[in-house]
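J.: Would you mind keeping the following structure in view while I ask a few things?
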2 protein chains.
Amino acid sequence: MMLRFRYALALAALGWLAGCASPQPRGTGDLGLVIERAAGRVQLVNTTTRSAIAVIAGLGDLSHASVVYSRDGRYGYVFGRDGGLTKIDLLLARIDKRIMQSGNSIGGAISQDGRLVVAANYEPGGVRVFDAQTLELLADIPAVSASGRMSKVVGLADAPGQRFVYSLFDTDEIWIADLTEPRAPKLQKFTDIGRAPYDGLVTPDGRYYLAGLFGEDGVALIDLWQPEKGARKVLRDYGRGSEKLPVYKMPHLRGWAVANGHAYLPAIGRNEVLVVDLATWTERARISVHGQPVFVMARPDGRQVWVNFAFPNNSAVQVIDTLRNQVVKALEPGRAVLHLEFTPRGEAVWVSARDDHRVVVYDTKTFEALAKVEADSPSGIFFTSRALRIGF
Amino acid sequence: MMLRFRYALALAALGWLAGCASPQPRGTGDLGLVIERAAGRVQLVNTTTRSAIAVIAGLGDLSHASVVYSRDGRYGYVFGRDGGLTKIDLLLARIDKRIMQSGNSIGGAISQDGRLVVAANYEPGGVRVFDAQTLELLADIPAVSASGRMSKVVGLADAPGQRFVYSLFDTDEIWIADLTEPRAPKLQKFTDIGRAPYDGLVTPDGRYYLAGLFGEDGVALIDLWQPEKGARKVLRDYGRGSEKLPVYKMPHLRGWAVANGHAYLPAIGRNEVLVVDLATWTERARISVHGQPVFVMARPDGRQVWVNFAFPNNSAVQVIDTLRNQVVKALEPGRAVLHLEFTPRGEAVWVSARDDHRVVVYDTKTFEALAKVEADSPSGIFFTSRALRIGF
């Protein structure tokens with residue numbers, strides 16, 4: 001009887017443990033993931049306590065990895081360079097599902113309604129569409145030109161109306177895929193948009209798609225409100241120019257900041273940030289900065305633009321005041337600053353310093369370092385607030 | 001022994017139940033609250049399943065009630081007309097804390113860092129600052145002019161830098177309170193800003209504070225990036241004008257939409273929506289609509305502006321295409337349409353029809369009614385995505 005009693009207690013305890021595997025309830029609005037690229041892991045972080053909560057391992061090759069989020073903020077979708085697509089449950093701090101969706105991927109996006117996750121691939125080139133809940137493949141859209149040539153896909157971004165826009169690097173095209181019916185994508189193709197588009201973005205309001213060109217100067221632009229007008233070329237001087245200066249790292253177009261009616265762009269090969277009028281798409285000013293800019297990111301209220309730099313000037317971050325269009329602050333978060341992400345309302349910014357293995361959190365008003373979070377070669381930082389935005 | 005065995009099992013079962021009171025983990029990014037004004041209740045809703053999850057009662061007088069959210073999205077703060085301030089736990093679907101903070105309140109806001117909840121009061125006039133976690137009173141800022149006159153406070157909005165901006169209806173002032181040190185607020189006061197400010201807003205980028213004037217035509221404007229420049233008057237024709245048409249309901253200034261470089265404003269006493277250039281603050285166009293507009297709300301991508309109307313034309317909603325500045329659709333969600341709220345990325349909009357006791361969810365692309373949620377005299381609809389925005 002004593003044995004039975006103990007057995008009952010043990011069973012009950014087990015039941016208790018099993019039944020309570022679900023953690024304490026918590027909101028998801030202040031969570032995020034930091035990529036630990038070398039280790040194939042992500043750190044789950046909290047922007048309220050400014051600390052790491054958990055580490056989730058087993059994500060494969062995370063160089064150039066990016067993350068999008070489910071509309072409830074619970075799940076993060078990590079696109080790895082090796083074609084891995086990993087769905088992470090932030091509340092249980094574990095991998096929910098993981099598939100190898102291609103041989104070589106360059107990022108992804110999530111549909112406006114949150115039901116579709118789409119990956120852009122190098123190898124084989126094209127776009128694949130997955131059910132966001134199950135990661136079941138719903139559509140495979142190869143990137144093949146009218147003449148039958150295959151292409152790498154770059155610059156994938158979501159747009160309103162269940163659409164995705166992306167560029168074909170090898171065939172000089174931009175495609176819009178309408179995935180209202182996911183298994184029957186409707187494609188709209190723009191050809192001869194400019195030579196070798198290498199990255200793209202959708203403006204924060206979802207209206208314009210822009211593709212940077214590797215093969216010539218200028219930027220290809222499509223007005224998604226009036227796609228019937230076709231693609232046109234703007235900013236014809238934007239690029240490496242005739243001098244062909246050494247370019248240490250092609251800047252990320254996703255880094256384009258829109259603030260105060262202007263776009264702030266990383267110059268290519270020059271230590272400058274360009275200021276462009278959004279109404280006319282013409283250059284208005286150039287701001288001298290510390291190195292070749294990589295990410296040029298606006299604080300959510302647009303008053304500040306933060307810039308990081310390519311090697312060898314990559315241990316610094318500079319802050320531009322958009323009212324005066326001047327650098328007002330320089331900071332040294334650590335060696336090899338790779339990325340930065342603002343909290344949703346902009347009171348703080350998280351900056352990753354890969355070679356010093358830390359993420360530094362700054363107060364954007366006082367520039368005080370509020371916290372340092374240890375991380376193994378951190379690169380990208382992605383907060384759940386991205387779930388609510390267009391063009392990511 | 002048998003008794004002891006049973007007792008142990010019962011205890012274990014109790015422990016199991018107690019330990020598992022926490023619900024299944026779920027994200028908070030797709031939740032919201034709908035005010036049931038007559039019943040003093042709120043409905044907890046889910047924008048993914050487009051349904052109501054729970055009802056939370058006991059909130060007092062909810063006419064003109066509004067809601068702000070904690071930065072993690074777990075807690076909603078409901079400001080009632082009777083001065084009640086109720087903190088609701090969305091994950092446990094229950095009241096977490098409730099205080100009577102004044103005799104008569106007109107709304108509230110939450111600080112950029114999410115630590116402070118601030119209420120604007122009619123009776124006694126002034127602003128009260130609370131700890132967002134405990135609802136402990138941290139500061140009480142009476143609204144008293146230099147000559148000693150007390151005032152109702154209206155148009156309270158948060159601004160970057162832990163600031164709050166609000167208007168003093170009875171003394172023609174706008175105050176900026178810097179709550180970096182919550183127990184020692186720093187006040188900046190602007191006097192003679194125009195007669196009887198009755199409502200105010202901060203533009204979505206957090207830069208401008210605008211106050212509508214009841215006592216004269218025009219709008220008072222402060223550039224929060226350059227407050228040293230003082231308050232100035234813009235849109236001098238905005239108001240009831242010389243004809244003094246009957247105004248069935250003063251429109252909500254929070255309804256001002258910013259889209260495509262323009263602000264869309266409800267005309268006062270006229271069946272028109274005004275289009276204003278944001279760079280010059282001058283009127284560019286007028287769009288004829290079905291009735292006197294109350295809320296003029298932009299879809300998050302700015303391509304559409306949705307308008308509801310004052311009695312007697314209040315069973316309709318009209319949709320303006322901001323590219324053509326024309327009404328492109330009219331809908332009839334039900335009698336007495338009081339409010340509307342877009343999902344964060346704008347694929348759907350929720351519209352409350354008070355006298356038909358329902359909230360209708362529309363697809364903003366097809367205008368199809370996707371769902372109807374039953375509710376008792378619903379008024380305001382507030383999604384957790386507001387936690388991430390400036391100026392709410």
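Nothing in this text is a laboratory measurement; each read-out follows from the coordinates by a stated rule. Worth saying up front: this structure is predicted, and the values here are computed from it rather than measured. So basically every Cβ, Gly included, is an ideal-geometry build from the backbone, and we count neighbours across all protein chains shown.
J.: Say a label goes 7 Å from Cα toward Cβ at B:Val328 in every copy; what distances in nm does this one have to the rest, shortest first?
T.: Label-point separations across copies, in nm and ascending: 3.9.
J.: Test of understanding: what is the full-extension gain from B:Asp131 to B:Thr191, defined as 0.36 nm times their sequence separation minus their Cα-Cα distance?
T.: Contour length minus the Cα-Cα distance gives 18.7 nm.
J.: Going by amide H atoms built from the backbone, whose H comes under 5 Å of the H on A:Ala132, apart from near neighbours?
T.: The list, which skips near neighbours in sequence, is A:Leu116, A:Val117.
J.: Also, quick follow-up: Reported to two decimal places, what Rg/Rh ratio describes chain B when computed on Cα atoms with Rh from the Kirkwood expression?
T.: Answer for chain B: 1.02.
J.: If you build a Gaussian network model of chain A, linking Cα atoms that sit under 10 Å apart, which residue out of A:Ser147, A:Ser105, A:Ser377 swings the most?
T.: Result for chain A, Cα springs under 10 Å: A:Ser147 fluctuates most.
J.: In percent, what relative contact order does chain B have, based on Cα pairs under 8 Å that are 6 or more apart in sequence?
T.: Relative contact order of chain B: 11 percent.
J.: Moving to a separate point now. Taking every residue in B:382-391, how many Cβ atoms of other protein chains lie within 10 Å of its Cβ, on average?
T.: Per-residue shielding by partner chains comes out at 5.
J.: Amide H to amide H, which residues 5 or more places from B:Ile53 or on other chains are under 5 Å from it, using H placed in the peptide plane?
T.: Result for B:Ile53 returns B:Leu44, B:Val45, B:Asn46.
J.: Provide the packing ranking of A:206-214, B:172-180, i.e. peptides ordered by the mean count of other C-beta atoms within 10 Å per residue, highest first.
T.: Sorting A:206-214, B:172-180 by mean packing, highest first, produces A:206-214, B:172-180.
J.: So the label point sits 7 Å from Cα along the Cα-to-Cβ vector; using that for A:Ala279, what distances do you get to the other copies, in nanometres, sorted shortest first?
T.: Listed shortest first, these distances are 0.2 nm.
J.: Return a whole-number percent for the relative contact order of region A:289-362, with Cα pairs under 8 Å and 6 or more residues apart as the contact set.
T.: Taking the mean separation of contacting Cα pairs over the length of region A:289-362, I get 22 percent.
J.: Okay, moving on. Residues of region B:73-114 with amide nitrogen under 18 Å from the 7 Å Cα-to-Cβ point of B:Ile53?
T.: B:73-78, B:87-97
J.: Given contacts defined as C-alpha pairs under 8 Å and at least six residues apart, what's the relative contact order of region B:120-216, whole-number percent?
T.: Relative contact order for region B:120-216 comes out at 20 percent.
J.: Could you size up the charge dipole of the protein assembly as shown around its Cα centre, putting +1 on the beta carbon of Lys and Arg and -1 on that of Asp and Glu, and report it in debye to the nearest 20?
T.: In debye, rounded to 20, the protein assembly as shown gives about 1040.
J.: One-quarter of the Cα convex hull surface for region A:300-392, in nm²?
T.: The Cα convex hull of region A:300-392, projected and averaged over all directions, gives 6.2 nm².
J.: Give me the one-decimal nm value for the distance between modelled label points at B:Ile99 and A:Asp355, 7 Å along each residue's Cα-to-Cβ direction.
T.: 5.2
J.: If you take each beta carbon of peptide B:66-72 and count the beta carbons of other chains within 10 angstrom, what is the mean?
T.: Counting other chains' Cβ atoms within 10 Å and averaging over B:66-72 gives 4.
J.: Next up: Hey, what number do you get for the protein assembly as shown at 222 nm if only DSSP H runs of n ≥ 4 count, each worth -39500 (n - 2.57), divided across all residues, to the nearest 500?
T.: Computed ellipticity for the protein assembly as shown at 222 nm equals -1500 deg cm²/dmol.
J.: Also, I was wondering about something else. So for region A:165-311, Kirkwood radius off the Cα pairs, Stokes-Einstein at 4 °C and 1.567 mPa s: how many µm² s⁻¹?
T.: So the translational diffusion coefficient is about 82 µm²/s.
J.: Turning to a different aspect of this structure: Run the reach check for A:Lys365 against lysines, Cα to Cα strictly under 20 Å, same-chain hits fewer than 8 apart removed. What comes back?
T.: A:Lys329, B:Lys186
J.: Given the options A:Val305, A:Val351, A:Val55, which has the most mean-square fluctuation in a GNM of chain A, springs set between C-alpha atoms less than 10 angstrom apart?
T.: Top of the fluctuation ranking is A:Val55.
J.: With a 10 Å cut-off between alpha carbons and a GNM built on chain A, which of A:Arg324, A:Arg183, A:Arg115 moves the most?
T.: A:Arg324
J.: Then there's this: Within region B:213-296, report the trypsin sites (Lys or Arg not before Pro) that DSSP leaves as loop and that have at most 16 other Cβ atoms within 10 Å.
T.: In loop regions of region B:213-296 (DSSP not H, G, I, E or B), the sparsely surrounded trypsin sites (Lys or Arg not before Pro) are B:Arg236, B:Lys244, B:Lys249.
J.: Let's see if you can work this out: charge +1 on each Lys and Arg Cβ, -1 on each Asp and Glu Cβ, no other charges. What is the dipole magnitude of chain A about its Cα centre, in debye to the nearest 20?
T.: Around 600 debye, computed over chain A.
J.: So if I take the centroid of the Cα atoms in region B:152-181 and the same for region A:78-150, what is the distance between those two points in Å?
T.: Cα centroid of region B:152-181 versus Cα centroid of region A:78-150: 47 Å apart.
J.: With θ set to phi - 60° and the Karplus curve 6.51 cos²θ - 1.76 cosθ + 1.60, what are the ³J(HN,Hα) couplings of region A:100-111 in order, to the nearest whole Hz, using x for Gly and Pro?
T.: Going residue by residue, I get 9, 9, 6, x, 6, 10, 10, x, x, 8, 10, 5 Hz, with x marking Gly and Pro.
J.: Considering every residue in A:27-40, what mean count of other chain Cβ atoms within 10 Å of its Cβ is obtained?
T.: That works out to 4 on average.
J.: Hey, got a sec? Which GluC sites (Glu not before Pro) in region B:288-392 land in a DSSP loop and have at most 15 other Cβ atoms within 10 Å?
T.: B:Glu368
J.: In debye to the nearest 20, how big a dipole does region B:296-388 give about its Cα centre with +1 on each Lys and Arg Cβ and -1 on each Asp and Glu Cβ?
T.: Around 240 debye, computed over region B:296-388.
J.: Something else: What list of ³J(HN,Hα) values in whole Hz, one per residue of region A:197-204 in order, does the Karplus curve 6.51 cos²θ - 1.76 cosθ + 1.60 (θ = phi - 60°) give from phi, with Gly and Pro shown as x?
T.: Result, rounded to whole Hz: x, 10, 6, x, 8, 9, 4, x.
J.: At 7 Å along Cα-to-Cβ for each site, give me the label-to-label distance between B:Leu370 and A:Glu332 in nm.
T.: 5.1
J.: Considering the options A:Ile95, B:Leu138, B:Gly80, tell which one lies farthest towards the positive end of the dipole of the protein assembly as shown, charges being +1 on Lys and Arg and -1 on Asp and Glu at the Cβ, about the Cα centre.
T.: It is A:Ile95, whose Cα lies furthest towards the positive end.
J.: Mind listing P(r) for the protein assembly as shown? All alpha-carbon pairs, 20 Å bins, whole percents.
T.: Percent of pairs per bin, in order: 16, 49, 30, 5, 0.
J.: Under 5 Å between amide H atoms, partner at least 5 residues away or on a different chain: which partners does B:Glu123 have, H built in plane at 1.01 Å?
T.: B:Gly103, B:Asn104
J.: Tell me, what HN-Hα J-couplings in whole Hz come from the Karplus equation 6.51 cos²θ - 1.76 cosθ + 1.60 at θ = phi - 60° for each residue of region A:72-88, using x for Gly and Pro?
T.: Using θ = phi - 60°, the values come out as 8, x, 7, 10, x, 10, 9, 9, x, 5, 7, x, x, 10, 10, 9, 9 Hz.
J.: Using only Cα atoms and rounding to the nearest 10 degrees, what angle (0 to 90) does helix B:2-19 make with the longest principal axis of chain B?
T.: Roughly 10 degrees between the two axes.
J.: Between the label point of B:Gly60 and that of the same position in each other copy, find the distances and list them shortest first in nm, with every label point placed 7 Å from Cα along the Cα-to-C-beta direction.
T.: Sorted ascending, the copy-to-copy spacings read 5.5 nm.
J.: For A:Lys233, go through the lysines and keep the ones whose alpha-carbon is under 17 Å away, minus same-chain ones fewer than eight residues off.
T.: A:Lys233 reaches A:Lys189.
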